[in-house]
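The values are calculated or read from the model by the stated rules, or taken from the named source; none is laboratory data. The model shown is predicted, which means the values in this text are computed figures rather than measured ones. Quick reminder, even Gly has a Cβ in these numbers, built from the backbone with ideal geometry, and neighbours come from all protein chains shown.
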Amino acid sequence: MCFSFSTISDVNYLAGKFQAKVAKASYEILSKKDPDALKDVVYPNTFANVLLNMPQGLAFCPMRYRLRPFDSESEVPTKYNLYNARVEGIELKKTWAPLIGKKHVAIPLVKFHEWVPTEKGKRVVQFSMPGKEIFWTAGVFDIWKNPTGGEQIISFAIVTQEPNEYIRSVGHDRCPIIISEQEVKTWLNLKDQNDALQFLKTSRQYDFTHQWEDPLFTIAQQIKSSKMNE
């Protein structure tokens, strides 16, 4: 599971670096609701810049990290993990199946954070890729629209898989599906479920490094997690 991650909140920096457009109307709507919604550390139910294929081409758009399915009458209780989608059997799950081959996003990461057991109890570890300021993970998104008003929520989930040996050796049992910068456009353009599944299940080898968080950061994470589950 990837319960939180570090990213870059400056969408103009991302758009310039990756030669993408910006969905300005979406950012204006979010800014009116919460000018500080985008931050460099993203938790479930908070917002991040994600890349998707729009009519005007590849563009960054702000989306909530935790999926709200288009047909949900109310928010799904937080005890259910709708911010990570396991690739194993993803095509069979009611929530995820309609999105595979149709609604893809790519999420720029600086690090992803995991809770792992240690001799001193659970601690937060951050994984990054040496030599890379930003790396990418595959995700899916959905759009929920209020049937009695104009409100809508655009939200996403990260697709996860079994970890490689390095991540497993540190103590965690899942990993986001990391894709190369060259694969980002391919993932966003896939329109067939079988092709999307084949893409997700392609074996990829990446090097990671990790660092343990200091106690103050861990306490902040615990407080944030507690508030999300209230």
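What number goes with the only condition from (1) of a type outside the set (A, V, I, L, M); (2) farther than 24 Å from Ala97 by Cβ; (3) modelled with pLDDT of 95 or more; (4) part of a helix (DSSP H, G or I) that Lys185 does not pass?
(2)
Among the candidates Thr46, Thr7, Thr78, single out the residue that is closer than 29 Å to Pro163 by Cα, of a type in the set (S, T, N, Q), at pLDDT below 95 and within 18 Å of the chain's Cα centre (by Cα).
From the options Thr46, Thr7, Thr78, the qualifying one is Thr78.
Look at Ser128 and say whether it is farther than 21 Å from Thr202 by Cβ, under 14 Å from the mean Cα position of the chain (by Cα) and hydroxyl-bearing (Ser, Thr, Tyr).
Taking the combined requirement at face value, the residue does not satisfy it.
Give me the pairs, please: first residue somewhere in the range 21-45 and assigned to a loop (DSSP other than H, G, I, E, B) and among the β-branched types (Val, Ile, Thr), second residue anywhere and surrounded by fewer than 10 Cβ atoms within 10 Å (Cβ to Cβ) and modelled with pLDDT of 95 or more, beta-carbon distance under 7 Å, and either six or more positions apart or on two chains.
Note: no pairs meet the criteria.
Name, by its number, the condition in (1) closer than 20 Å to Asn49 by Cβ; (2) free of Cβ contacts under 8 Å to residues at least 60 places away in the same chain that does not hold for Gln198.
All conditions are met except number (1).
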